[in-house]
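Have a look at the structure below, then the notes.
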């Protein structure tokens, strides 16, 4: 009996301790952590799903749609729902033709994700994948489909460097961004898409839905509709852009067409180019590597990031410096014999046998190198540098694009500071004809020739005309912005303008390839050396393409009332007069005397090709 009582009391003690432990645990779960578990339960039962806003459209100055949105089926997964269901992960990977490891990596990479927030697995799935996922939906808890807008570009490569492209933000970019974004957001990464991101992005909405224990949607509880972004109208003319891109043909290079009275960009070509649609969804690593490592750099906007010696186009600056300093006059004459010995070198003129004795105007018309060698020595490096800066060289133009290069305008102080050695007089000869340390972007030369055309005014390049909302109401208009004026007399500018007219329209002018019957074109050719020529080199000798001269041409028209300024760069193209001047002619003719518009349809290759040049 006593043994039974002892066992009975022991059982009661054990039972009491067990009940005490259960009570403590219940008190801990319901009182101490009750609010936390309630929140987790609600998050598990009620989900917040994003509804992404449609992005605003991009249109040219005439209202032609360049970029819009199209529906895209996207696959999302909730990591919490997939725990303990590896077979679901395997099935989804097979349907989408991607590896389970890739899906897991996508989910692991989003460390800042809120609990039960979906992770995008794949975008823009095809119809077969869509059908398989929908038909097996009941067997794939934690996985769901959504229809979202994807950026689409109507004309492929057309103006891709001006328009820019889209890309998904990573965690670092989200933290740095002044705007509020969620994981998986796609934003403008370059060009207009990037700079006007705030206007284009719209306002996202969302849905509050109830789900079952398997994460499958039961009903919608609440909805907040998304509001689309604003439409951005560019200053670009799509038809002119198409003509410019086709005119450049097989050459790599750049074309800038600008209104010299306002700074409005009418066309901006950079070749080789790319199709921005490639970046709107999942970018295969192989494709990105091919673009990033391509030696022709198709992702680089040569108009604002490419630095080149401007060649003989820079003779405009040398002439202005000489006239303004009084060290040259229109009557100043030098003799050109085809070679100019200086120090231990023979400096060549492009014309074998030389030009004979010529004055300044004829030297500009015929682009005589030896005249400008001697003019440069007389004027000096620092005066030349001073007037180069008056026309905007050596500093950024102010176009609202990232990574614009400011170029180099060398001077005696610049060289001493940068290289630690003094300036040598022989280097002035190269500078006077646009070679040596001098480097400029095509856009900077467009600002320069525009300033000559408009008699000295420097305008900030403008790429957007206005912004309208969904209903067509104008929200913002962008007007021309004069940011400077060259400190050059009108007499000097009139002389330069007249000489540039002669360079196109007079016998012996190097820019005759751009002459038009209907309008008077004024311009300056340029042939910029890529490498120093060997002493025994003769014109007509064969040379590898990558070592051939760059072909430049800068022009404006009509002469009396300039409406367009054009700069053409054909990389390794040879003579500017033979290659780039005819290209500029097509662009000017299209703008001033447009024919009936042809359908805009662009085809091309992301990597482009390099021109063979014409000697």
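All of the numbers you see were taken from the coordinates with simple rules; none came from a lab. Model, not experiment: these values are computed from the prediction. Cβ sites come from the backbone with ideal geometry, for glycine too, and all protein chains shown count toward neighbours.
Here are some notes:
- Remark on the range 336-471: ratio of C-alpha radius of gyration to 2.2 N^0.38 Å is 1.30.
- Sequence ranges 398-404, 228-234, ranked by mean other-Cβ count within 10 angstrom, highest first: 228-234, 398-404
- Pairwise centroid distance, computed over Cα atoms, of the range 113-135 with the range 218-247, Å: 25 Å
- For the range 282-372, the Kirkwood radius over C-alpha pairs fed into Stokes-Einstein at 25 °C and 0.890 mPa s yields D = 150 µm² per second.
- Using a Förster distance of 22 Å, the FRET efficiency for residue 561-residue 480 (Cβ separation, nearest 0.05): 0.85
- Rough spin-label spacing in nm, given labels placed 7 Å along Cα→Cβ, for residue 104 and residue 70: 3.5 nm
- Compactness of the range 230-345 as Cα Rg over 2.2 N^0.38 Å, two decimals: 1.59
- D by Stokes-Einstein for the range 370-428, Kirkwood Rh over Cα pairs, 4 °C, 1.567 mPa s: 101 µm²/s.
- Three-way shape label, the range 448-514, alpha-carbon gyration tensor, a/c 1.5: oblate
- Rounded D (µm²/s) - the range 403-533, Kirkwood Rh over Cα pairs, Stokes-Einstein at 37 °C, 0.692 mPa s: 179 µm²/s
- With both labels modelled 7 Å from their Cα along Cα-to-Cβ, the residue 418 to residue 335 distance reads 3.6 nm.
- Compactness relative to 2.2 N^0.38 Å, alpha carbon Rg of the range 47-234: 1.10
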